[in-house]
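*Asks:* Have a look at this one.
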Amino acid sequence: MYAIPLTDDATLRPLEPWMAPEFLAHIDRARDHVDPWIPWATFSTDLASATATLQRYADRQCRDEGRICGIWLGDTLVGGVMFVSFDTTSGVAEIGCWLEPAGEGKGLVTRACRVLIDWAFRERGMHRVEWRATACNERSIAAARRLGMTRDGVLREWYPYRGTRHDEEIWAVLTRDWPAA
């Protein structure tokens, strides 16, 4: 297994189905904080459902359609980043993230996303990486800005959450605009 250092005490590593007990413990700590933004947080409530969430990403990775990585602070899983979608035919990927409060304010999401975006552009030849955020998710929108993304538009009342429809903002960076390109 690989581990990519993000800071002196934080690493980015693959998040795999066999890690479901650790993932579930993390989601239990993070649930109230991430549930409005990460749909699978609502559904990963026991070991079977947590394993199924991670297995879906493992299956996507096998098909080269997505992947999920965890962010560890010391020995504790505190968040992660993932390619929600990864379409090599169109050259477009969507990246997402989540973080429990213990990991906030350390730049971990920005660093981890940079690793994945750089890999997508340099190694995989992707053309565009998108970021989608509910319009009221200020932290997510701030992360997109820190990554140098441009707001492409808003899908009005696109995202249903607990009986209310929310606007969804779409942000993106193109390979020619990526600092590491």
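The values are calculated or read from the model by the stated rules, or taken from the named source; none is laboratory data. Predicted model only: the values in this text are computed from it and were never measured. FYI the Cβ positions are ideal-geometry reconstructions off the backbone, even for glycines, and counts take in every protein chain you see. Note: areas computed on protein heavy atoms with side chains; ligands, DNA, RNA excluded. Shrake-Rupley method; radii C 1.70, N 1.55, O 1.52, S 1.80 Å.
*Asks:* Restricting attention to region 106-117, does a residue exist that is open to solvent by less than 40 Å² (accessible area, probe 1.4 Å), among the aliphatic types (A, V, I, L, M) and in a strand (DSSP E or B)? Break it down stepwise before answering.
*Replies:* As a first pass, look at region 106-117 and keep what is open to solvent by less than 40 Å² (accessible area, probe 1.4 Å): 107-110, 112-113, 116-117.
Now narrow it down to the ones that are among the aliphatic types (A, V, I, L, M): 108-109, 112, 116-117.
From what's left, in a strand (DSSP E or B): none.
No: region 106-117 contains no residue that is open to solvent by less than 40 Å² (accessible area, probe 1.4 Å), among the aliphatic types (A, V, I, L, M) and in a strand (DSSP E or B).
*Asks:* Next question. So, in region 83-102, exactly how many residues are touching a Leu at 6+ places or on another chain (Cβ under 8 Å) and either within 17 Å of residue 62 (Cα to Cα) or not hydrophobic (A, V, I, L, M, F, W, C) (or both)?
*Replies:* Within region 83-102, the first condition is being touching a Leu at 6+ places or on another chain (Cβ under 8 Å), and the residues that meet it are 83, 95, 99, 102.
Of the ones still in play, those that are also either within 17 Å of residue 62 (Cα to Cα) or not hydrophobic (A, V, I, L, M, F, W, C) (or both) are 83.
Looking only at that region, the number is 1.
*Asks:* Next question. Could you grab me the full set of residues in region 1-19 that are open to solvent by less than 70 Å² (accessible area, probe 1.4 Å) and out of contact with any Gly (no Cβ under 7 Å at 6 or more places or on another chain)? Working first, answer last.
*Replies:* Step one: list which residues in region 1-19 are open to solvent by less than 70 Å² (accessible area, probe 1.4 Å), which gives 3-4, 6-7, 10-17, 19.
Once the filter is applied, which keeps residues that are open to solvent by less than 70 Å² (accessible area, probe 1.4 Å) and out of contact with any Gly (no Cβ under 7 Å at 6 or more places or on another chain), region 1-19 yields 3, 4, 6, 7, 10, 11, 12, 14, 16, 17, 19.
*Asks:* So, in region 25-52, how many residues would count as being surrounded by fewer than 21 Cβ atoms within 10 Å (Cβ to Cβ) and either at pLDDT 95 or above or among the small types (Gly, Ala, Ser) (or both)?
*Replies:* The qualifying residues number 7.
*Asks:* If you don't mind, another one. Look through 22, 65 and report the one residue that is part of a loop (DSSP other than H, G, I, E, B) and either surrounded by 22 or more Cβ atoms within 10 Å (Cβ to Cβ) or among the acidic types (Asp, Glu) (or both).
*Replies:* Values: 22 fails: part of a loop (DSSP other than H, G, I, E, B).
Within the list 22, 65, the selection yields 65.
*Asks:* Residue 97 passes all but one of (1) within 15 Å of residue 149 (Cβ to Cβ); (2) open to solvent by less than 10 Å² (accessible area, probe 1.4 Å); (3) in a strand (DSSP E or B); which number fails?
*Replies:* Against the list (1) within 15 Å of residue 149 (Cβ to Cβ); (2) open to solvent by less than 10 Å² (accessible area, probe 1.4 Å); (3) in a strand (DSSP E or B), residue 97 comes up short only on (2).
*Asks:* When region 75-94 is examined, which residues are found to be more than 30 Å from residue 125 (Cβ to Cβ), open to solvent by 40 Å² or more (accessible area, probe 1.4 Å) and in contact (Cβ under 8 Å) with a residue 12 or more places away in the chain?
*Replies:* Going through region 75-94, the residues more than 30 Å from residue 125 (Cβ to Cβ) turn out to be 75-78.
Right, trim to open to solvent by 40 Å² or more (accessible area, probe 1.4 Å) and you get 75-76.
The one that is more than 30 Å from residue 125 (Cβ to Cβ), open to solvent by 40 Å² or more (accessible area, probe 1.4 Å) and in contact (Cβ under 8 Å) with a residue 12 or more places away in the chain: 76.
*Asks:* Okay, moving on. Quick one: which of 169, 130 is within 15 Å of the chain's Cα centre (by Cα) and either of a type in the set (Ser, Thr, Tyr) or in a strand (DSSP E or B) (or both)? Steps first, answer last, please.
*Replies:* Working: 169 fails: within 15 Å of the chain's Cα centre (by Cα).
Exactly one residue qualifies, and that residue is 130.
*Asks:* Moving to a separate point now. The conditions are (1) open to solvent by 40 Å² or more (accessible area, probe 1.4 Å); (2) more than 17 Å from residue 34 (Cα to Cα), and residue 121 fails exactly one of them. Which is it?
*Replies:* (1)
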